[in-house]
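Each reported figure results from applying straightforward, stated rules to the coordinates on display, with no laboratory input. Remember, it's a predicted structure, so these values are computed and weren't measured experimentally. Here Cβ is always computed from backbone atoms with ideal geometry, including for glycine, and neighbour counts include all displayed protein chains.
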Amino acid sequence: MKRIGIIVAGSAYPMEGFKSGLRDLGWVEGEGICFELLTAEGQLQLLPKFASELVSLGVDLIAVIGAVTVRAVRQATTTIPTVFAVVVEPIGDGLAANVEHPGGNLTGGPLLIRTRPKPSCNSSGRSSQALSGSLS
């Protein structure tokens, strides 16, 4: 069973959409994947501890929201694939080399992952590919 570690600086509410999106891709909790959800409830000093805890647990993927959370994970691991959302300037924040090839173990973008993908002429499907590739 694949384990996804989730770290949220606030409450767990936004991650329900992430879980729903994974279900849409065929990854159902308890049927091939399980989640390790850690919520800081605004106590940002907990983020580095949470990141280290997920590394110790040996999760297969880490999902986070926000640059401050990505930075905590980046300090804890350079090998576990990490998907982030709601990072307005990933390149400016030093979290990605460029949009096409972020480099390292980090990938993501400025938006939350939609629960139901909408067709778009400009959609490359990179988020779905990154998740599926990381979990395969």
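Remind me, relative contact order of segment 2-118 in percent, using alpha carbon pairs under 8 angstrom and six or more residues apart? Write down the numbers at each step before the final one.
Numbers: 200 pairs, mean separation 33.4, N = 117.
Reported as a whole number, the value is 29 percent.
In what order do Leu46, Leu25 fall by count of nearby beta-carbon atoms within 10 Å, going from fewest to most? Can you show the working numbers first?
Numbers: Leu46 17, Leu25 13.
Starting with the residue having the fewest Cβ neighbours, the order is Leu25, Leu46.
State the volume of the convex hull built on the alpha-carbon positions of segment 2-118, expressed per residue in Å³ and rounded to an integer. Let's see the in-between values first.
Working: hull volume 11.6 nm³, N = 117.
Measuring per residue, one finds 99 Å³ for the Cα hull of segment 2-118.
Counting only other residues whose beta carbon sits under 9 Å from that of Phe35, what net charge do I get with K and R as +1, D and E as -1?
0
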